[in-house]
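What follows is a set of notes on a single structure, which appears directly below.
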Amino acid sequence: APTNSASSHSPHPTGRFGTLCDVATGVALTVFSTYLLALALMSLSWRMVHDAPNYAYIGYLMQHLHYVPYRDIFEVNPPGICLLNQAYVSIFGYDDLGFRIADLIWLGAILTTTWFWLRQVGRRIAWGAVVLFGVEYLGFGSVMSMQRDYLAILPISAAILVASSLPKLNEFTRYLGIGVLFGMASTIKPHAAIGLPAVLCLGLFTGEARGVTPGAWAGRIRASTVSIVGFAIPIVGVMLYLLVNGALPAFWEIATRSWPHYVQLTGNLSMAKPGFGHITSLVRGYMRFGGQVPWLFAGLAGVFVVLDQPTLPKTSRVLVIIMALLTLLYGIYPVFSGKFWPYHWIIFTYMAITLGSLCLVLQPSQIKRSALLGPLLLIALTAAVQVHAPREFWFQIKGLPPAAPKGGRVDEIAEFLRSHLRPMDRVQPLDWTGGGVVQAMLMVRARVATRYLYDEEFYHHVSTPYVKKLRREFVRDLQASKARFIIEVTMEDKPWVSGRDTTREFPELQQLLKTEYSVVLQGNGYLIHERRLNRTGIPGGSVH
């Protein structure tokens with residue numbers, strides 16, 4: 001371990017018992033490391049599912065058809081995620097293998113930055129954090145892959161590295177880098193910036209400890225100002241991109257009108273009850289902690305164990321305190337969306353795992369056996385409870401191919417489009433974000449007929465002038481595009497919005513389907529409508 005780490009002061013607890021604990025811990029970490037490597041290699045054959053193919057499709061439209069988000073694509077997520085996916089598809093392509101490679105490279109970057117900033121507390125701690133987060137992330141399976149909150153972890157982890165390590169950086173670059181990295185995270189998820197003040201404090205303290213940042217308030221204010229400027233750079237950059245491409249008005253309209261609507265939807269896509277009912281719903285969702293309570297308990301134990309070490313350097317002690325503060329802040333983070341879906345907790349999970357790994361600290365030689373063994377047993381028990389093999393892993397162990405997305409619906413739709421689509425044809429999905437139609441369109445490079453990839457926006461807040469405007473625009477653009485195929489998800493468990501001011505009816509769209517389209521394929525949970533005027537002169541259509 002480095003000379004400033006806690007473990008360097010007491011590398012081997014004396015006594016046979018301490019040695020056995022060391023050996024057992026090393027064996028366990030080796031086993032987990034081997035499992036992580038095997039899981040990563042096996043994941044190369046997994047399929048894209050859920051949100052990932054939708055964002056890859058947006059990247060495809062941007063990279064090859066020169067679409068601009070918001071102007072040409074109705075999207076409620078911040079522009080950073082769109083630009084990131086454009087970069088990803090331009091490098092790795094659109095297929096499943098390219099996606100898996102990109103995901104593993106991103107994970108590798110997160111684990112690398114984590115190792116470098118956490119090893120100053122102890123190499124065994126850093127090893128444990130890297131391995132445990134890796135298996136926890138891959139244990140979620142494809143559904144978690146490249147989710148927006150997960151993507152924000154890398155700039156956050158890199159900011160911690162810049163703040164606490166890299167002594168050769170000059171202080172201007174350090175504070176500017178902290179701000180830029182959090183600015184990048186906020187273009188993916190705006191509230192990811194919640195950790196900036198804590199990481200800035202970490203940078204200020206470590207700089208003062210090295211004697212390169214003045215401890216006076218003037219120096220601190222100057223450093224904070226540099227970080228704020230750095231934070232603004234990525235945000236101004238994406239706004240300039242939208243402005244130059246004529247998309248800023250459309251983005252502003254979505255941000256000020258669609259985002260408030262979306263926040264009022266709960267995790268089960270029902271309209272939140274006003275007043276106290278909404279608060280109760282938030283508290284109930286929040287108290288589950290995304291199923292990550294064991295990591296939280298392990299993290300609390302890890303903090304007490306490490307801070308109890310008399311030989312722990314002051315800079316490492318401050319890092320541990322900031323880690324605990326970041327865990328608290330990113331525990332609050334899911335409240336901003338109010339949905340509490342598993343991927344909303346992934347940044348909290350990451351911080352809690354790094355905190356829990358503090359239980360692996362090598363303890364002083366005079367410690368009692370119970371105090372030496374307790375933290376190790378706690379982290380071992382937590383790992384046993386929390387780490388799960390994904391469904392894809394068990395398919396592969398049994399020699400089965402990866403499960404087809406959406407029970408085969410994606411492949412069926414893609415095969416139909418591949419057989420029937422002509423070069424200039426356009427396709428319109430009537431789908432929510434997870435129905436699979438957009439993924440099928442990505443597989444065959446189909447061009448969307450309007451700027452709408454999802455239809456969820458048309459069925460809540462239906463009495464508002466804004467949603468009425470969106471409905472009129474959609475029908476108008478759909479008629480103008482003369483879409484050859486309209487693919488409608490009809491599965492019984494489609495997650496329709498529900499509650500006050502919602503509906504399942506769209507009379508103008510239903511009239512258009514009735515008068516200008518015929519159903520040509522009725523599949524399991526979907527209908528494919530074909531425009532009559534594009535057929536061979538025969539009105540109507542047949543059902544296959």
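Taking first residues from region 235-255 that are on the phi > 0 side of the Ramachandran plot and partners that are open to solvent by less than 60 Å² (accessible area, probe 1.4 Å), the Cβ contacts under 8 Å between residues at least 6 apart in sequence or on separate chains come to G246/V68. For region 93-111, state whether one or more residues are more than 24 Å from E392 (Cβ to Cβ), in a helix (DSSP H, G or I) and in contact (Cβ under 8 Å) with a residue 40 or more places away in the chain. No, region 93-111 contains no residue that is more than 24 Å from E392 (Cβ to Cβ), in a helix (DSSP H, G or I) and in contact (Cβ under 8 Å) with a residue 40 or more places away in the chain.
Assess whether Y466 counts as being assigned to a helix (DSSP H, G or I), among the aromatic types (F, W, Y) and surrounded by fewer than 20 Cβ atoms within 10 Å (Cβ to Cβ).
On the way: assigned to a helix (DSSP H, G or I): yes; among the aromatic types (F, W, Y): yes; surrounded by fewer than 20 Cβ atoms within 10 Å (Cβ to Cβ): yes.
Answer is yes for this residue.
Considering only region 429-436, I want to know if a residue exists there that is surrounded by fewer than 20 Cβ atoms within 10 Å (Cβ to Cβ) and acidic (D, E). For region 429-436, residues surrounded by fewer than 20 Cβ atoms within 10 Å (Cβ to Cβ) and acidic (D, E): absent. Tell me, please, whether a residue that is farther than 30 Å from G177 by Cα, open to solvent by less than 60 Å² (accessible area, probe 1.4 Å), modelled with pLDDT of 75 or more and over 23 Å from the mean Cα position of the chain (by Cα) can be found in region 285-299. Within region 285-299, one or more residues are farther than 30 Å from G177 by Cα, open to solvent by less than 60 Å² (accessible area, probe 1.4 Å), modelled with pLDDT of 75 or more and over 23 Å from the mean Cα position of the chain (by Cα).
Would you check if T173 is of a type in the set (V, I, T), modelled with pLDDT of 90 or more, over 14 Å from the mean Cα position of the chain (by Cα) and open to solvent by 20 Å² or more (accessible area, probe 1.4 Å)?
Values: of a type in the set (V, I, T): yes; modelled with pLDDT of 90 or more: yes; over 14 Å from the mean Cα position of the chain (by Cα): yes; open to solvent by 20 Å² or more (accessible area, probe 1.4 Å): yes.
Here the answer is yes, as T173 does meet what is asked.
Among the residues of region 72-94, those identified as in contact with a Gly (Cβ under 6 Å, 6 or more places away or on another chain) and open to solvent by 20 Å² or more (accessible area, probe 1.4 Å) are Q86, F92.
Go through region 302-317 and count every residue that is in a helix (DSSP H, G or I) and either among the hydroxyl-bearing types (S, T, Y) or open to solvent by less than 30 Å² (accessible area, probe 1.4 Å) (or both). If you could, list the steps in order and put the result at the bottom.
Restricting attention to region 302-317, the residues satisfying the condition of being in a helix (DSSP H, G or I) are 302-307, 314-317.
From the residues that got through so far, the ones that are either among the hydroxyl-bearing types (S, T, Y) or open to solvent by less than 30 Å² (accessible area, probe 1.4 Å) (or both) too are 302-303, 305-306, 315-316.
The qualifying residues number 6.
In region 408-425, which residue that is of a type in the set (K, R) and not in a loop (DSSP other than H, G, I, E, B) is least open to solvent (accessible area, probe 1.4 Å)? Only one residue tops the list, namely R409. Scanning region 72-92 for residues that are over 30 Å from M42 (Cβ atoms) and part of a loop (DSSP other than H, G, I, E, B) yields D72, E75, V76, P78.
Residues that are farther than 22 Å from S165 by Cβ and at pLDDT 85 or above were ranked within region 205-227; the one that is least open to solvent (accessible area, probe 1.4 Å) is T225.
Is region 334-353 home to any residue that is open to solvent by less than 30 Å² (accessible area, probe 1.4 Å), modelled with pLDDT of 80 or more, touching a His at 6+ places or on another chain (Cβ under 6 Å) and not in a loop (DSSP other than H, G, I, E, B)? So far as region 334-353 goes, yes, one or more of its residues are open to solvent by less than 30 Å² (accessible area, probe 1.4 Å), modelled with pLDDT of 80 or more, touching a His at 6+ places or on another chain (Cβ under 6 Å) and not in a loop (DSSP other than H, G, I, E, B).
Being in a helix (DSSP H, G or I) and either modelled with pLDDT of 85 or more or within 28 Å of the chain's Cα centre (by Cα) (or both): is that true of Q428 here?
Numbers: in a helix (DSSP H, G or I): no; either modelled with pLDDT of 85 or more or within 28 Å of the chain's Cα centre (by Cα) (or both): yes.
No; evaluated as a whole, the condition is false for this residue.
Looking only at region 396-407, residues that are open to solvent by 40 Å² or more (accessible area, probe 1.4 Å) and either in a helix (DSSP H, G or I) or over 19 Å from D95 (Cα atoms) (or both) come to 7 in all.
For region 322-333, filtered to residues that are over 13 Å from R148 (Cβ atoms) and modelled with pLDDT under 90, the residue that is surrounded by the most Cβ atoms within 10 Å (Cβ to Cβ) is G331.
The values are calculated or read from the model by the stated rules, or taken from the named source; none is laboratory data. Being a predicted model, the structure only gives us computed values, none of them experimental. Here the Cβ is made from the backbone with ideal geometry for all residues, glycine too, and neighbour counts use every protein chain on show. For the accessible areas, the whole protein counts, side chains as well, though only heavy atoms, and no ligand, DNA or RNA atoms are used. Shrake-Rupley method; radii C 1.70, N 1.55, O 1.52, S 1.80 Å.
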